[in-house]
Structures are given as structure tokens and as C-alpha cells.
Amino acid sequence: MQYTSTRDNKAVVSSAYAIAHGISVEGGLFVPETVPTLEKADFEALAKLDYVARAEYILKGFLTDFTDSEIAYCAEGAYLGNFDEDKPAPLKALDDKTNILELWHGPTCAFKDLALQILPYLLTTSAKKVADGKKTVILVATSGDTGKAALEGFCDVKDTEIMVFYPSDGVSPMQQLQMNTQKGENVYVCAIKGNFDDAQTGVKTIFTNDEIKALLKDNNMQFSSANSINWGRLAPQIIYYVSAYCDLLQKGEDYLKDGFNVCVPTGNFGNILAAYYAKAMGVPINKLICASNSNNVLTDFINTGVYDRNRSFYTTISPSMDILISSNLERMLYELTEKDDKKIALWQSELKENGKYTVDETVLAKLKELFWGGCCDEAKTQKTIKETFENYGYLIDTHTAVAVSVYEDYKKETSDARPVVIASTASPYKFAHSVLESLGIEVPADEFEAVDTLSDKTNTTPPAPLSVLKTAKVRFSNLCEKQDMSKVVLNRLGIK
Ligand SMILES: *Cc1c(COP(=O)(O)O)cnc(C)c1O
């Protein structure tokens, strides 16, 4: 199977090339030319297997230039020994119809681990195939969770360097501490004066700067991305939606007779796009419910067809979704326009120039057929955390709360009673401060006291990877202007 760029159909590459490079030369994103489909019997067979075997099966369909043993090496390396009980994506039932897909049992307690534990394996395997001996330099822009998950995944991986940029005022104290205490010789962390979109734009600009790319080449290095613009991030995310379906199959024929809905707390549109690909593979997903926080650019887009980032940017208690430029939407629009690369390039340049574009009626109609968009403000997020705990004795984080709230709105508006899978994207302990406040419990100033209080008051256990941070040494305290990111990168690499 080959991959092509959303902005240039003539760019046709292997999956190894797409993963090793991260982004196409003209700035487009790589997408598979076709999507492998599975039959009912395939899913039933997969239902009998564990997560690693499910992962291998799905990845084989998308990474056809990898050998079976390479895929096994990647999947086992990522999913054995790094997640609680070797179950990366367990499904918990809140009630008969509501299923929570817990995606935070990995080393950094957020769903990014599901992709970023395997990406280093995929990337180094890809680089061996297509980048003969060059050192891979991973640049990451993060709204909090990607950064730590990428640092953890790439820590001391041979022939890689990783540099993470995060918005100085846009991450939770726990997220910041997780990143700044990261171990490893090949890691670097820097805050920027700006928001996530500034960080993401800065990284994309560096990636596509010919002068910088040439400098790297002279030094036997090449850039790649660990953000969800890299196909190597998205492919592993498809696995857990297929896996969730396999788990639901145990509930019997009748339970899924009309399919099920999926609700995803969304920022960069990566996670929900993976659910779309799972649907395209044959998983009987009915609606993809796109849940946003107060930065509701996607809600408006799904409802009107106008993507307009010219609006206030809010710093919320669900910081990993504080995003106004959802990169992966580009992939979705490429599919919805029947692969119209010219149109995608045009819309993306309009977005860059004016911060805005409008899709045509046919695209909007298809978008609405697939998606339902809703949003949730801060007060409602807090209320949802409290009510979910009171009603079900189940503790959720701020991002998951946005999804739960939007799903309630969806049910009210549509009366759709199908079962739902709600993606739970982070451990509540990653946002202990906001969660305590939502529960109406006084919040201690110290982050770790907050963790202990949350544990005492809710009778739940904090994840071990967060507890060890209490005594971890802070290694990084860098801060730079957003326009200086390229200088910081070259300095760190010892170039120029
Ligand atoms: C990254 C993140 C999101 C948003 O996911 P996208 O793939 O960017 O849409 C939601 N919740 C948490 C906890 C995250 O870390």
C-alpha cells in the first residue's frame, strides 16, 4: 500500500518513507491511498486475541512494506511491559450503554502513550529502510501530553534526538513537571512564550525551511515529527477502536445490531480521525461525536462548514484541547473531497493567510453525515466530573468530562440510544487540581498534596508514574521567544 500527500497527489511514497519524514515536502500530510477492510469473521477472530496480536494484524494492513517480524518487534516492544496489566485500552462500562475506553494506563497516563510507545520502533525501523544511517531529529510541539509521551518513548533510542516545545502558560503543573524531569541523553525541553498553535506553527515552519533542512543534511541528520501529523502516530490509534469493537462483540449480536457511536474529546483531530479510519475499515461506528472545550472551532465547523480560527483563544482546564488549528482535519477533508489535493492546498493557504476557509455544500453534507459536533464550557466540565463521580462512583479527568458532557447533549438532541464508546484520554490524577475543584474539595497548593487529597477523598489510587515525580530532579527550565525556535534547535544540535 502506498501513501500520498493531501496537497500533492503526485507525491506517492511507502509507509516507511511517510513515517521517517513525517510530513510531505510541500507541507501536506501523508494518507493511505486505500483503507484495508475487514469482514465480520475477521473481527470475530481478532476478538479472541490479545492487544499485541490485534495491533500486529491492523498494522500489517497499513504498513505493507514492513515484514511480519518487524511489525511483531514494534508491537511487542511497545505494548508488552509498558501498560498496566499489559492491557493498553480496557473498556469499562458506566451503565448498560455507556462504555469508557480507558486510554491512560501507559507510562505518562494519557492516550498519547498508545501511539508514542510504538512510534520510536516504527520510526527507527522506517529510517533503516529509507534514511540510510541518518540521525533522526524529532521536533515536537505539545499542548502537554504529547511532549511527555514522546520524550518517554524516544528516551535514549539510538540515532535519535528529541526536542519538545510547549506553551509556557498552557500546560498543567503536573504536565510541566513530567517534561522538565525527563531523563535521557538525547532529550531537550523548552517552553515558548506563546500558545500551542504558535508552537505547532513554529515546528512546521522549521520542518519546511529548505535552508535548515540542508544544514541538517550536511550533518547527516533529518527531521521527523512525533505529532499526529505523522502517520506513525495515527495508525496505532486505529488499533484501539478496532480493539474496543472486538471487546464489545462479547456482549452479543443484539447489543450492536445498529452499530455504536464513538465520542472523542478533540483538539488536533488526530484521535477522532483514527476512529474514522476504524469505521472505514468496517467497524460498525454510527456517529463520530466530536467534543470540544471552549475552543470550539470544530463545533462551528461541523455545523456550518466555515473553519474560522479568528476568535478568542481560551486557556481551559482541559489544556490538551486548547487548539484552534486542528492539523488532522486536513486528512479528513482530503477524503471528503474525493482526494482533491488542489482544493486542500487552497483551503490550507487560506487558513494560513486569513485564518479561515469555507468548504462546499457537498463536503459539508458528508461531514454532517459522519460527525456530530458539540462543545462544553468550564462550568459544565466541572459539573460533569462531579456528577459522574456521584452517579457512578467513577472519576474522570477534565478532557474526558468534555466528552461525557457533549455525549449527553447528543443524546438529548437526537434521542439516539445506541451504545457508545467514549474515549477517556487522561488519568484524573494528571489534572488533580482541576478535578478536586470540580468535586468541591478544597485544593492544597502543592501538586502532590493535591494528588494525595484526591486519592483520600475518592478512594482511588494515583498512577505510579506520577507519584515518582515528587522526588524527581528538574533538568530543564528553558524559555524562548516563539520566533527563536529555529535558533534553539540548531544550537542544541551543534550546527552553525
Ligand atoms: C491530545 C489530547 C487530546 C486531544 O487529542 P487530539 O488527537 O489532538 O484531538 C484530548 N485529551 C487529552 C488528554 C490529550 O492529551
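The values are calculated or read from the model by the stated rules, or taken from the named source; none is laboratory data. All of these numbers come straight from a predicted model, not from anything done at the bench. Cβ coordinates were reconstructed from backbone atoms using ideal geometry, including for glycine residues, and neighbour counts include every protein chain displayed. All accessible areas refer to the heavy atoms of the entire protein, side chains included, with ligands and DNA or RNA removed. Shrake-Rupley method; radii C 1.70, N 1.55, O 1.52, S 1.80 Å.
Modelled spin-label separation between THR315 and ASP210, with each label point placed 7 Å from Cα along the Cα-to-Cβ direction: 3.9 nm.
Taking the charge dipole of the chain about its Cα centre, with +1 at Lys and Arg Cβ atoms and -1 at Asp and Glu Cβ atoms, the residue from VAL402, ASN391, GLY170 reaching farthest to the positive side is GLY170. Solvent exposure of region 304-368 amounts to 44 Å² per residue of accessible area, where only protein heavy atoms count and the probe is 1.4 Å. Charge dipole of region 388-476 (Cα centre as origin; +1 on each Lys and Arg Cβ, -1 on each Asp and Glu Cβ, all else neutral): 420 debye, rounded to the nearest 20. Scalar couplings 3J(HN,Hα) for region 456-466, obtained by applying the Karplus form with A = 6.51, B = -1.76, C = 1.60 to θ = phi - 60°, are 4, 6, 10, 6, 10, 10, x, x, 4, x, 7 Hz; x denotes Gly and Pro. Every helix of 4 or more DSSP H residues in the chain counts as -39500 (n - 2.57), and over all residues that averages to -14000 deg cm²/dmol at 222 nm. All Cα-Cα distances of region 430-496, cut into 5 Å bins from zero to the largest, leave 3, 14, 19, 14, 9, 9, 11, 9, 7, 3, 1 percent in each bin in turn. What you get for region 117-184, charging only the Cβ of Lys and Arg (+1) and of Asp and Glu (-1), is a dipole of about 260 debye around the Cα centre. Filter the trypsin sites (Lys or Arg not before Pro) in region 238-284 to those in DSSP coil with at most 15 other Cβ atoms within 10 Å of their Cβ, and list the result. Those satisfying the criteria are LYS257. Taking θ as phi - 60° and the Karplus parameters 6.51, -1.76 and 1.60, the scalar couplings of region 139-150 work out to 10, 10, 9, 9, 9, x, 8, 4, x, 5, 5, 5 Hz in sequence order, x denoting glycine and proline. Among the protein heavy atoms of the chain, carbon and sulfur supply 48% of the accessible surface, probe 1.4 Å, non-protein parts ignored.
For SER224, the residues whose modelled amide H falls within less than 5 Å of its own, excluding neighbours fewer than 5 places apart on the same chain, are VAL137, ILE138, LEU139. Pairs with C-alpha atoms separated by more than 32 Å, drawn from the list LYS193/LYS342; LYS193/LYS430; LYS158/LYS457; LYS287/LYS386; LYS60/LYS287; LYS204/LYS339, are LYS193/LYS342; LYS158/LYS457.
Within region 335-403, the GluC sites (Glu not before Pro) that combine a DSSP coil assignment with at most 13 other C-beta atoms in a 10 angstrom radius are GLU338.
Just the accessible area per residue of region 39-143, please: how many Å² with a 1.4 Å probe?
37 Å²
Couplings for region 48-61, taken from phi via the Karplus curve 6.51 cos²θ - 1.76 cosθ + 1.60 with θ = phi - 60°, read 7, 9, 7, 4, 4, 5, 4, 4, 4, 4, 5, 5, 4, x Hz in order; Gly and Pro are left as x. For LYS87, a cut-off of 14 angstrom between C-alpha atoms picks up these aspartates and glutamates, skipping any fewer than 8 places away in its own chain: ASP50, GLU76, GLU102, ASP113, ASP247.
Taking only the C-alpha atoms of the chain, the Rg (one decimal) and the largest Cα-Cα distance, Dmax (whole number), read 21.1, 65 Å. Basic side chains Lys and Arg get +1 at the Cβ, acidic Asp and Glu get -1 at the Cβ, and with that the dipole of region 1-134 about its Cα centre reaches some 380 debye. With all protein chains kept in place, the per residue accessible area of region 194-236 amounts to 33 square angstrom at a probe of 1.4 angstrom. Look at where the Cα atoms of region 178-251 and of region 469-496 average out, and the two centres are 16 Å apart. Which of rounded, prolate or oblate describes region 153-209 when judged by the alpha-carbon gyration tensor and an a/c cut-off of 1.5? It is oblate, given that a/c is not under 1.5 and a/b is not larger than b/c. For trypsin sites (Lys or Arg not before Pro), the sites in region 28-63 that DSSP calls loop and that have at most 16 other Cβ atoms within 10 Å are LYS48.
Under 5 Å between amide hydrogens, built in the peptide plane, is the criterion, and for ILE192 it picks out TYR166, SER168, CYS480 among residues at least 5 positions away or on other chains.
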